[in-house]
Structures are given as structure tokens and as C-alpha cells.
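Heads up: the structure comes next, in C-alpha cells.
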Amino acid sequence: KAGVTQTPRYLIKTRGQQVTLSCSPISGHRSVSWYQQTPGQGLQFLFEYFSETQRNKGNFPGRFSGRQFSNSRSEMNVSTLELGDSALYLCASSFFARRQGTSYEQYFGPGTRLTVT
Amino acid sequence: QKEVEQNSGPLSVPEGAIASLNCTYSDRGSQSFFWYRQYSGKSPELIMFIYSNGDKEDGRFTAQLNKASQYVSLLIRDSQPSDSATYLCAVNGKDTGNQFYFGTGTSLTVIP
């Protein structure tokens, strides 16, 4: 079974621009979560989508947004890029969102390395 | 207080030894616990998950969970140089959907 795929793998943008990252989950997985990883902050949760609905959102400014399509593929968008947005953006997919308080395991894609200059 | 705390290390063990990685969490309602391994420049790879108190073994890996003490650990037996990586502890939130809280990771080096 193919794993989580993310495109593009690398991006270089300048301040003020916007960027769109794409994620295709493992076949059959309906939950997609996005994380930002930086050396200083570690892995920080951005948001989660399930059945095209945003179920949960982390503590990031409104410049960070996302969506999910009917085939479970997801995109995230960052507008008005800042230098501090330079990070590895990781997408993780899970079979289902949650059951009885437990969470299904999440599998990460290879990530998109975003550099803002 | 951070939701998930790990000793950042670095932790060095000789080849063949047992490596012990520890993690504490703050949300008593958390019910799902995960260990990820991340090699430098790569994305996290799931290696273990545990939901119930006690031990769970998978090959050379054993995850241990103590909900009363809000403590989860990972033991790696017969450590190999290929185990050298950063190990991330992840915990779900009680009422936060599928959101995981991650520790900052423990860097492990296995010395041949």
C-alpha cells in the first residue's frame, strides 16, 4: 500500500508570497493532519481534516489555512509568508478520526521543506 | 507546563545494550500514546503505539505505559547503530480530535 505523499518536497519563497502544499493520504485513510516542525519548537499541530471538515485547529495565525477534498486529499495554504514560516511541513494520515477517546495511529509523509527568504 | 516532556539527551549507549527513553505528559485524559523515530532530514516514522497500562512488545521494542504516573517509556533491546535517531513521544489530547502533542524528542546514539 502506498504511503502518504506530499508535494512539492522543497520550496523556496520570498516574504509576502503565498504557498500551497499538497498531501495525498494512504488509501482508505480519511483523516489528514498537518504539522509544522522547526528546530526550536519541534512538531506543532496546525489542523486536522476529516470528511472535508476541519475538526481541530492549532494555535497558528489565520494566514495558515487548509482544506480537504472528497477523495481525502488535502492542501494547506500559507499567505503573506514570513521568515519564521521556514520549516518542514508534515502531513499525517489516519484511518479514522477518533473512537471512544483513543486516536488511531498517524503515518507521516516525507514533508515539504519550505524556505522563506 | 508543556503537554509532553522528554529528556532531550543526547543519550549514548553501546551496541547491544538497552536504550531507555522516557516521556511524561500532563493531560490525564490522554488515552493514546505513540513513539516515532526520526532520522536526520527525514520525517517521523511510527514504531510503537500503546493504549493500555502495562507493557507492549514488538520485536526489540517495548513500550511501557503508566497512566497513574502519566509516564510512558520506550525500551530498545540489543541496540544497533541503525537505531541512532531522534525518538519522539506523541500523546493525543482528551478532547482535541486527532491532534497529537509531541515532545521535543530524545536524540539516541548507539556506539559500535
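Examine the range A:104-111 for a residue that is acidic (D, E), under 20 Å from B:P44 (Cα atoms) and either in a loop (DSSP other than H, G, I, E, B) or more than 11 Å from chain B (Cβ to nearest Cβ) (or both), and state whether such a residue exists. Within the range A:104-111, one or more residues are acidic (D, E), under 20 Å from B:P44 (Cα atoms) and either in a loop (DSSP other than H, G, I, E, B) or more than 11 Å from chain B (Cβ to nearest Cβ) (or both). Considering (1) surrounded by fewer than 20 Cβ atoms within 10 Å (Cβ to Cβ); (2) within 8 Å of chain B (Cβ to nearest Cβ); (3) within 17 Å of B:E3 (Cβ to Cβ); (4) of a type in the set (F, W, Y), the lone condition that A:F60 does not fulfil carries the number (2). Here A:L83 fulfils each of the conditions (1) closer than 15 Å to A:T112 by Cα; (2) surrounded by fewer than 18 Cβ atoms within 10 Å (Cβ to Cβ) apart from (1). Number of residues in the range B:1-15 that are over 24 Å from A:L88 (Cα atoms) and β-branched (V, I, T) equals 1. Of the candidates B:V91, B:V13, the single residue that is within 12 Å of the chain's Cα centre (by Cα) and either part of a strand (DSSP E or B) or within 11 Å of chain A (Cβ to nearest Cβ) (or both) is B:V91.
Residues in the range B:57-79 that are surrounded by 13 or more Cβ atoms within 10 Å (Cβ to Cβ) and among the small types (G, A, S): 3 in all. The single residue among A:S93, A:S74 that is touching a Gly at 6+ places or on another chain (Cβ under 9 Å), under 25 Å from B:S40 (Cβ atoms) and buried (at least 22 other Cβ atoms within 10 Å of the Cβ) turns out to be A:S93.
Annotation: A:Q41 fulfils all but one of (1) closer than 24 Å to B:Q38 by Cβ; (2) at the interface with another protein chain (Cβ under 10 Å from one of its Cβ atoms); (3) buried (at least 19 other Cβ atoms within 10 Å of the Cβ); (4) not acidic (D, E); the unmet one is (3). Within the range B:16-69, how many residues are under 27 Å from A:S93 (Cβ atoms), within 14 Å of chain A (Cβ to nearest Cβ) and polar (S, T, N, Q)? Qualifying residue count for the region: 7.
Residues of the range A:39-81 that are farther than 20 Å from A:V19 by Cβ, in contact (Cβ under 8 Å) with a residue 24 or more places away in the chain and not in a strand (DSSP E or B): A:S72 alone.
Considered as a group, the residues in the range A:44-57 that are more than 21 Å from B:T104 (Cα to Cα) and surrounded by fewer than 19 Cβ atoms within 10 Å (Cβ to Cβ) include one that is farthest from the other protein chains (Cβ to nearest Cβ), and that residue is A:E52. Scanning the range A:21-62 for residues that are closer than 18 Å to A:F108 by Cα and β-branched (V, I, T) gives A:I26, A:V32, A:T38. For the range B:71-105, a residue qualifies if it is among the polar types (S, T, N, Q) and modelled with pLDDT of 95 or more, and the qualifying residues are B:S73, B:S79, B:Q80, B:S82, B:S84, B:T86.
The values are calculated or read from the model by the stated rules, or taken from the named source; none is laboratory data. On a predicted model such as this, the values are computed, not experimentally measured, just so you know. We place every Cβ from the backbone using ideal geometry, glycine too, and count neighbours over all the protein chains shown.
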